[in-house]
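Report on one structure; see the data block that follows.
Nothing in this text is a laboratory measurement; each read-out follows from the coordinates by a stated rule. Model, not experiment: these values are computed from the prediction. With ideal geometry, Cβ positions are generated from the backbone for all residues, glycine too; neighbour counts draw on all protein chains shown.
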């Protein structure tokens with residue numbers, strides 16, 4: 001398995017919080033991930049594959065051609081694309097981009113917090129620990145997330161997800177839970 005293909009798969013091991021915006025479209029995501037694994041494992045020279053399923057067009061790309069020309073989030077400058085997945089119909093357009101970098105989680109996190117804000121996104125840090133950063137971002141009509149993970153001498157993985165904002169879904173609180181006498185921990 002090549003390094004990029006390993007990064008493509010390894011990034012999803014730590015993706016539980018990153019996947020929360022996908023709660024209404026989990027079937028599309030699962031199908032997309034499975035097909036991306038199949039694409040990564042085949043020996044074909046074809047680096048882009050599209051097909052229709054469930055009324056949506058799914059497109060998978062690998063390597064340097066993986067970054068869509070109209071991807072709405074900034075691309076980290078010192079990164080190498082591993083792959084991308086897009087699912088689109090008349091009402092929805094979801095995109096996932098996986099990249100790797102030799103830079104630290106903190107450096108990449110700071111880039112995304114700064115550059116997303118400059119591009120008009122509202123950024124909320126959801127999880128920030130030494131080896132994992134999860135950011136959510138909103139901009140008129142779009143929802144996105146950035147998951148950055150690294151450590152253990154491995155390249156840092158960068159997973160970006162952007163989709164059309166889901167109307168009618170209540171916004172979840174981004175307040176960080178702090179236990180106290182009135183709200184003790186439950187575990």
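For the pair residue 114 and residue 138 in one chain, pulling the backbone fully straight at 0.36 nm per residue adds 7.2 nm over the alpha carbon distance.
Using a Förster radius of 35 Å, what is the FRET efficiency between residue 106 and residue 164 based on their Cβ-Cβ separation? Nearest 0.05, please.
0.70
The modelled label-to-label distance between residue 64 and residue 181, using points 7 Å beyond Cα along the C-beta direction, is 6.5 nm.
Distance between the modelled labels on residue 75 and residue 128, one decimal in nanometres: 2.7 nm (7 Å Cα→Cβ projection).
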